[in-house]
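Derivation of every value follows stated rules applied to the coordinates shown; laboratory data play no part. Because the structure is predicted, anything quoted here is derived from the model rather than measured. Don't worry about glycine lacking a Cβ; one is built from the backbone with ideal geometry, like all the others, and counts go over all protein chains shown.
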Amino acid sequence: MPTNNEIEFHPKNNTHKETLLKFLALVLILVGYFAYMSWKYDASTGFGVSVLTWSFFVLCTPIADGGFILAFPIRLLFKVKMSYTQVVLWFVAIAINLYAYFYTPDIYDLTFITQLLKHILSEPYPYWSILIISALGTFLSIYFGDEMMDVASQKDREIAHRHGLKYRTLLVFGLGILTVTAYYYLLSSLGVVLPG
């Protein structure tokens, strides 16, 4: 019988099926966004904007959506925990932004999301708090993703949920509130009004 770390991906397992569908949806969105940006500008600019937008979702959202696009296939192919891959992807996203910020800063001005990203990066106080909150939320959500991939049977899933799900849910909920508050503050400081 395989241990939790050796459990294979099974598309018929409901948890694994949901993970696969989320992955496919994120890939389709990323490919569509790249195609649109390439059509709007050119292929190299579209690629640059797409990569910066991806880095925004890696660095500035409290769920592992941007990193999940690479962490999930790496988990399936090489059995590397998504949490380890996410750490590497954070460094990749930071390196991409260091390069873009110092060598091609005008690319940030092309979309609303990249403008927000530039604003967050250029003002450490108070906006780097978004990066910190997002990092905590991302690693918590990717930890859950790893856990869900490891859980093979309904019995194991029930045991896993019984132990600590309540506290994890409260922690994720709290991080979500902190992130929404930080984004609201960021958007209002930029003069962006959300429709009510």
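If Lys and Arg each add +1 and Asp and Glu each add -1, what is the summed charge of the other residues whose beta carbon sits under 11 Å from the beta carbon of K118? Show your work: numbers first, answer last.
Details: positive: none; negative: D106, D109, E123.
Counting the neighbours of K118, the net charge comes to -3.
Can you tell me the FRET efficiency between V31 and V180 if r is taken as the Cβ-Cβ distance and R0 is 35 Å, rounded to the nearest 0.05? Mind showing how you got there, number by number?
On the way: r = 28 Å, r/R0 = 0.81.
After rounding, the FRET efficiency stands at 0.80.
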